[in-house]
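What follows is a short report on a single structure.
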Amino acid sequence: MRLHLGAVSLALLLQACASPVGVVPGMSRDAVAAVWGEPQASYDLPEGPQRLFYDRQRDGTQRLALDFDAQGRLLRSQEVLTLSSLSSVVQPPLRTQEVLQRLGPPTQQRVQMDGQDEQRKTVVWIYRWYDQGRYRLASIQFNVAGLAETVQLIDDPTDPRQDKYR
């Protein structure tokens, strides 16, 4: 009996650690909104669920995606601003809408032109995230067809905690 209670306690502890504070799988969308407020963004996913994005930090550097089923119940949550998820948008290349569905809205958007040629116009989305004790930037460049072509990952030069004398 003791072993069984210990296993149950461990399972509950692991589920609590895997779930974001205040929300657990099975909660309704309204219950999540009562705990966390309105999401930063919401997108319908091709396979049916709806994905809501919540920034866990005020500066938007830690973002959770919460997936809800057709009945509005929380299926899963995951941190999306990670090295692997940011790097994965170019293999295979994702369209802008797919990147929004995977990562949520970017921190900043820019359009770059190569001279006056409209055919050489590219869009760059910048995501800022916190990774292993430092702020990082991911610049995702989209071609004129709207496909992610490159991802450039750098340390954020505006991070005041950056050691400038390494």
Report task. Would you mind computing the Rg to Rh ratio of segment 91-155 from its alpha-carbon coordinates, Kirkwood style for Rh? Result -> 1.00
**Report entry** Difference of contour (0.36 nm per residue) and Cα-Cα distance, residue 95 to residue 35
**Finding:** 18.4 nm
Query raised in the report: Stretched out fully, how many nm does the piece from residue 144 to residue 59 gain, at 0.36 nm a residue minus the Cα gap?
Result: 27.6 nm
Report summary line: Here D for segment 34-100, in µm²/s, from Stokes-Einstein with a Kirkwood Rh over Cα pairs at 10 °C and 1.306 mPa s, works out to 123 µm²/s
Query - Approximate spin-label separation residue 111-residue 83, in nm, with each point projected 7 Å along Cα-to-Cβ - result: 3.5 nm
Report summary line: Between residue 75 and residue 121, the two model label points (7 Å from Cα along the beta-carbon direction) sit apart by a distance in nm of 3.6 nm
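Fewest first, what order do 84, 42 take by the number of other Cβ atoms within 10 Å? All intermediate terms of the calculation are to be shown ahead of the outcome.
On the way: 84 6, 42 14.
So the ranking, lowest neighbour count to highest, is 84, 42.
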Report summary line: Once both label points are put 7 Å beyond Cα along the C-beta direction, the residue 155-residue 45 separation in nm becomes 3.5 nm
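Would you order 150, 61 from fewest to most other beta-carbon atoms within 10 Å of each residue's own beta-carbon? Please list the in-between numbers first.
Working: 150 14, 61 18.
So the ranking, lowest neighbour count to highest, is 150, 61.
Each value in this text was obtained by applying a stated rule to the coordinates, not by laboratory testing. From a predicted model like this one, the values you see are computed outputs, not experimental measurements. Ideal geometry is used to build each Cβ from the backbone, glycine not excepted, and the neighbour counts take in all protein chains shown.
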